[in-house]
Amino acid sequence: LPGPPFTHQQTPYKMVYYGQTSCEQDTERYLDVVKYVFSCYKKEVPLVINTMGWVKGEGLLLLIDTIRLLSPTHIVQMDVCDWKAMPPLTPEHVHFSAGLHTKGKQQSKCKQLGAGGMESWKYSEEEDMSAPQHKLLYVHPEFPRAGVAGEARVHSGILRDMSILGYLGHLQSPDIGAVLPLHSLVPYQVPFNAVALRVIHTDVAPSNIMYAVNASWVGLCCIPEEVRCQTDGPVLLTQTPVCDCLGFGIVRGVDMEKKLYHILTPVPPENLRLVNCLLLGNIAIPNCVLVGQQGIEGEIPYVTSDYNYSI
C-alpha cells in the first residue's frame, strides 16, 4: 500500500527461500513452505495473506489447498468482467471441492429433495467442525483492463529486479553520491566446509556445481543439522531443505585454491553467524549489475557476447 515493494523493504519475521518465481514445478514444496512459515504465526495480530495470481487450472486447486490449510476468517475475491472460469470461493465450494493435494468433503445423498421427486445431493450431516467458516467478500472491479493477462509477468520481472537492486543498496554507504560498484566492495570469505550447498531448481553434477554457484544470487539459510564435512568441501545436500532464510547475497567469486566462497551481503554479522546453508535458485542477478561494472577496461567479468542462442 505505501508504494512499490522495493521502496520500503523490511526484514521479515520468518522467511523461506523458495528459489523460483513460479511454484508450478514443485507445488508440494510450496505448500510445505506455506505450512512452515504459517506455523510461527502467534495469532496476536491480524494477518493478511496475499495469494499469488495463478488462479487457473492447477493454480485454482492449489489456492483451495492453501485456504483449507490456513483457515482464513475472510476471503476477498476480485472478479474479472470477461472471465467466468473461477467460481466464488464460498465456504461450501472450498469444503466440497478437491484441491491439488487435498480432498474435498463428500456430499451425502438424500432422496426426494430435488424438483419432481428426483434424487439429489445435499450435505445433510450435522455441522462439520472442519468445514470452512470464512466470510466471502466478492469485489467487481469496474476499471478498464482489470485482470488482463500477459502484462503481469513483465511487470513482476521489473519489480523483482528493482527489489534485488533495492536490497543490494544496503551494501552502499549512506552518503549520497558515493555509490560503489559491487566489485569494489570487500566480500566475506566463507570456507567451503562451513556451509552446505544446494541448487533448488535443477540437477547439477557435482563437478559443475562451482560453475553454477559463481556469480549467482543465493539465499543465506540456517538448517537445524550441524554441517559436518570430513574434507575441505564443498558440502552438497541431496534434498532441498525447508528452513529459515536470513537474507540474500551474491557469490562474487570462488577461490578453489583456498577453498573459499567470496560473498557480498548486507545481512549483519550477528545473523551471518547462524548461516550454515547456501541455496541457489532460479533467480538471476539483474543484468545491469553485470553489464554496468564501472572502472573495467576490456572484457567485463561474467559477461560474454560469444553466445550461441541455438544451444
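The values are calculated or read from the model by the stated rules, or taken from the named source; none is laboratory data. Computed from a predicted structure; not experimentally measured. Heads up, the Cβs are rebuilt from the backbone with ideal geometry, glycines too, and the neighbour counts pull from every protein chain shown. What goes into the accessible areas is simple: the full protein's heavy atoms, side chains included, and nothing from ligands, DNA or RNA. Shrake-Rupley method; radii C 1.70, N 1.55, O 1.52, S 1.80 Å.
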Checklist outcome for this item: In segment 26-58, residues that are free of Cβ contacts under 8 Å to residues at least 24 places away in the same chain and small (Gly, Ala, Ser) total 2
Checklist outcome for this item: Matching residues in segment 1-45 (touching a strand residue (DSSP E or B) at 6+ places or on another chain (Cβ under 9 Å), of a type in the set (Val, Ile, Thr) and either open to solvent by 80 Å² or more (accessible area, probe 1.4 Å) or at positive phi (or both)) number 1
Checklist outcome for this item: When Cys243 is run through (1) farther than 23 Å from Gly19 by Cβ; (2) modelled with pLDDT of 95 or more, the failure sits at (1)
Checklist entry - Which one of these does Gly166 not meet: (1) modelled with pLDDT under 90; (2) touching a Phe, Trp or Tyr at 6+ places or on another chain (Cβ under 7 Å)? => result (1)
Next on the checklist: Looking for something closer than 28 Å to Tyr13 by Cα and out of contact with any Cys (no Cβ under 7 Å at 6 or more places or on another chain) - is there at least one such residue anywhere in segment 290-309?
Outcome noted: no
Checklist outcome for this item: By residue number, the members of segment 254-311 that are under 14 Å from Gln189 (Cβ atoms) and over 24 Å from the mean Cα position of the chain (by Cα) are Val254, Asp255, Met256, Glu257, Lys258, Lys259, Leu260, Tyr261, His262, Pro269
Item to check | Test: Ser120 is over 28 Å from the mean Cα position of the chain (by Cα), closer than 27 Å to Ser71 by Cα and modelled with pLDDT under 75 | outcome: no
Next on the checklist: Of everything in segment 264-307, what is at pLDDT below 90 and acidic (Asp, Glu)? Give them in sequence order.
Outcome noted: Glu297, Glu299, Asp306
Next on the checklist: I'd like to know if segment 130-138 contains one or more residues that are closer than 30 Å to Gly295 by Cβ, modelled with pLDDT of 85 or more and open to solvent by less than 60 Å² (accessible area, probe 1.4 Å).
Outcome noted: no
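Collect the residues in segment 275-311 that are exposed (fewer than 10 other Cβ atoms within 10 Å of the Cβ), without any contact (Cβ under 8 Å) to a residue 12 or more places away in the chain and either farther than 19 Å from Thr202 by Cβ or not hydrophobic (A, V, I, L, M, F, W, C) (or both), keeping them in residue-number order.
Glu297, Gly298, Glu299, Thr304, Ser305, Asp306, Tyr307, Asn308, Tyr309, Ser310
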